[in-house]
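K.L.:
Shown below is the structure under consideration.
Here, each number is a calculation from the coordinates, and none is a lab measurement. Fair warning: this is a prediction, and the values are worked out from it, not measured in the lab. Counting neighbours? That spans all protein chains shown, and the Cβs are built from the backbone with ideal geometry, glycine included.
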Amino acid sequence: MAVLPLLISLLLFPISGQTQQPNATSSFSISDPAWLPTDNRTLLSPNSLFSAGFLPHPANSSLFLFTIWVEASAGKPSIWFLGPVPSSSLLSISPAGVLYLAGPSGNNLFPSSASGPPNSSLLLNNDGSLTFNKWTSFSSPTNTLLPSQTSQKSISLVAGEYHFNGSSLLFHSISYWSTPGNTPILSLSSRGGLIVDPNNPQNSLVTNDYGEQKTLRRLTLSADGNLRVYSLQRQFGEWKMVWQAVLELCLIPNTCGPNSVCVPDQNYDAVKCVCPAGFRNSTTGVGCERKKNYLPSSKFFSLDFVQFTATQGTADMSPMNFYQCQSACLYNSNCVGFSFNFAGTQTCLNHYGNLVNGFWSSSTQTSLQLRVATTETDTSNFDGMTSRIQTACPVRISLPVPPKETRTTARNAAVIAALFALELLVGVLCFWAFLLRYSKYRDMARIFGLEYLPVGSPKRFSYAELQAATADFSNILGGGGYGTVYRGRLPDGRTIAVKRLGKSSGGDAEFWAEVTIIARMHHINLVRIWGFCAEKEKRLLVYEYIPNGSLDKFLFQPPAPDGTEHTGIGGGTRPFLDWSVRYRIALGVARAIAYLHEECLEWVLHCDIKPENILLDENFCPKVSDFGLSKLAKKKERVSMSRIRGTRGYMAPEWVMNDEPITAKADVYSFGVVLLELVAGMRCWDFRRDSVESVDWYFPRWAYDKVFVERKVEDILDWRILGSFDDGVQGETIERMVKTAMWCLQDRAVARPSMGKVAKMLEGAVEITEPAKPTIFYLTEEQLTD
């Protein structure tokens with residue numbers, strides 16, 4: 001059937017604008033008069049949840065669509081449609097029992113299976129399906145999948161130029177998202193899971209309201225090309241988005257037009273399209289166009305962190321250094337710019353024609369050198385962090401005009417003596433006042449440094465504001481050696497987490513580290529700081545609130561009240577994380593630490609990587625927190641610490657061995673411990689506590705024997721969800737996680753990979769060779785208290 005591309009705007013089709021109350025019926029049969037699109041008639045499901053009927057086409061009022069929509073919700077979104085058809089078309093049932101709706105070319109838009117005995121009726125059921133004899137609308141979904149739609153093969157959804165084939169999101173032939181392991185999604189469960197294995201419903205992708213009963217959900221391919229799951233909040237009649245496939249919306253192709261750059265907002269939940277320097281909005285209304293022709297004389301603008309899709313109009317000139325890549329573009333009159341990767345790979349791409357699918361991301365290592373006319377007066381609007389930041393403002397000082405010289409020397413001497421005596425008196429009085437109010441001046445000096453942070457820094461809150469927001473610090477979320485965390489709510493409705501630093505000798509150092517470091521960190525897997533408070537001895541930090549709490553609460557769940565272990569999602573207050581979610585958590589944490597080590601202007605050590613410092617948001621996306629133990633140094637510089645930092649069980653051997661300095665490899669070791677705990681579902685030091693005096697107590701050594709000697713990876717997996725383990729689907733991923741952990745747990749720091757390579761090992765981008773067996777290492781009580 002012919003479907004116009006603009007038909008996809010029915011994803012959120014508003015029908016509340018109808019002025020007349022439609023004539024609702026329960027069925028349509030051969031005895032009913034033919035149904036015109038202009039008739040004020042609808043089909044209503046017995047539970048009054050769904051409606052079906054003709055609605056005007058959103059882009060052409062002379063055309064109509066036969067549509068099924070959710071009646072009991074705001075916006076009444078479309079879940080299935082057929083058409084478009086002109087206003088003269090008729091929906092009818094022929095004497096032979098054929099359901100007929102003529103399209104623009106006169107053909108029947110209903111499939112041949114929509115036929116039956118003459119007494120058959122067209123019905124709208126409680127599950128949202130439209131049926132006629134044995135035919136059902138569930139057999140041919142358009143842009144939406146309902147929980148009652150089941151299939152033994154992968155589903156297919158279409159939204160304009162975007163297509164979901166069950167395992168991948170496609171823009172034409174370009175794939176920009178895939179399910180883990182490319183396993184096709186077969187159906188949407190009534191509890192909110194995306195089922196990928198009909199024989200094991202527990203093996204599914206998880207949404208943030210997974211498990212809630214009696215909630216209507218829908219899986220919809222939206223007009224922007226993103227796949228989302230919505231839940232109906234019946235008490236409000238509104239839809240809530242509870243899961244989406246692509247978190248960075250700018251990675252979706254065709255989000256912005258040609259020569260335009262997609263830029264996300266601060267929360268990564270909306271985007272805007274920006275024209276680069278030398279360009280302006282196109283007169284056609286799509287994308288951007290050049291202001292001036294770059295021939296015959298041209299120069300280059302540097303667009304940091306900007307990348308465009310490599311298409312047929314792109315030439316790969318790798319390997320080339322920067323100046324060779326620039327010359328290759330400069331001597332080709334058709335070259336409009338070149339992309340260069342600054343990660344040391346000497347990747348050089350020359351672009352021709354229009355630049356398509358451009359996006360800005362702080363995680364990319366690519367810079368686009370845009371070719372513009374030499375006479376172009378614009379300046380680059382994508383400088384990133386390469387431009388100099390002005391932190392001081394010039395001060396104009398006006399000096400008084402000196403008095404005219406007089407002939408009287410005595411008068412001059414008297415004036416000088418009086419001024420000297422006055423200055424001496426003022427100096428004595430000021431010094432005396434300073435001694436009396438030393439503590440106040442000290443506090444003012446500390447606050448002064450925070451008051452003049454660079455533009456874009458976190459907001460400064462007063463202590464009274466945070467005290468009111470947290471109900472006098474009554475709702476405790478957690479705590480540790482460096483302070484207690486409270487939950488609060490700002491007057492604008494945002495939920496926050498307030499960290500109140502404890503009084504210690506190093507309190508100011510930790511406070512300055514967190515404010516100056518975290519404020520400059522912008523990564524999807526790092527907790528963001530929104531503000532701070534500094535009043536006298538009070539030091540507080542305001543973070544974004546992460547609703548699901550820390551990873552340890554999901555990974556190390558306590559036994560049930562009857563003494564047994566919970567065995568599934570329904571057995572405890574929190575769901576057990578399945579293998580795909582654990583892999584996403586491990587990969588997200590690895591990317592965040594690699595960002596701290598390798599992608600910042602300054603080298604940042606975390607020094608306390610553990611499950612308690614890994615938070616999970618509503619989509620189980622990991623957020624690394626707690627930079628109170630961070631250490632700044634110049635890149636490639638070795639660090640010496642005056643005291644042991646971190647948590648027992650997650651600390652690298654070099655903390656207590658004087659022959660090796662502390663480097664970024666200490667964080668790699670801690671990540672290896674967390675990675676092994678993600679696979680096993682238990683604390684490393686809780687493994688065989690009764691054998692602490694023997695080699696069997698050391699969990700990494702035992703895991704190494706199971707993986708590389710006995711070849712029994714399943715023996716080290718978390719037994720609570722071992723039943724959902726599929727050796728064919730997840731075996732390779734789990735084995736890759738264990739091998740990566742073994743490389744991270746090498747006793748010598750030089751043998752461990754960098755965090756950037758660890759992330760690539762988890763992604764499967766590099767081959768993982770067999771590591772050496774980790775040696776036994778743990779800290780004694782004496783070492784921890786030194």
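K.L.:
So how do 289-299, 220-230 stack up, highest first, on mean other-Cβ count within 10 Å?
P.N.:
Peptide ranking by packing, descending: 220-230, 289-299.
K.L.:
Take each of the peptides 585-594, 80-89, average the number of other beta-carbon atoms within 10 Å over its residues, and list them starting from the highest.
P.N.:
585-594, 80-89
K.L.:
While we're looking at this one, here's another question. For region 73-220, how big is the tail of P(r) above 23 Å, as a whole percent of Cα pairs?
P.N.:
Of the Cα pairs, 47 percent sit more than 23 Å apart.
K.L.:
In cubic angstrom, how much convex hull volume per residue do the alpha carbon atoms of region 706-751 span?
P.N.:
Convex hull volume per residue, Cα atoms: 80 Å³.
K.L.:
Would you calculate the volume per residue, in Å³, of the smallest convex hull containing every Cα atom of region 157-246?
P.N.:
In region 157-246, the Cα convex hull volume per residue is 91 Å³.
K.L.:
Mind ranking 181-193, 29-41 by how tightly packed they are, going by the mean number of other C-beta atoms within 10 angstrom, highest first?
P.N.:
By packing density, highest mean first, the sequence is 181-193, 29-41.
K.L.:
At q = 0.15, 0.18 Å⁻¹, what base-10 log of I(q)/I(0) does the Debye formula yield for region 5-139 when every alpha carbon is treated as an equal point scatterer in vacuo?
P.N.:
-0.68, -1.02
K.L.:
Considering amide H positions built from the backbone, and no H for Pro or chain starts, which residues 5 or more places from residue 337, or on another chain, come under 5 Å of its amide H?
P.N.:
Amide H neighbours of residue 337, under 5 Å, 5+ apart: 351, 371.
K.L.:
Determine the alpha carbon to alpha carbon distance for each of 214/240; 623/757; 553/773 and list only those over 24 Å.
P.N.:
553/773
K.L.:
Once R0 is set to 51 Å, what does the formula 1/(1 + (r/R0)^6) return for the Cβ-Cβ distance between residue 476 and residue 59, expressed as a FRET efficiency to the nearest 0.05?
P.N.:
Taking R0 as 51 Å, the efficiency between residue 476 and residue 59 is 0.40.
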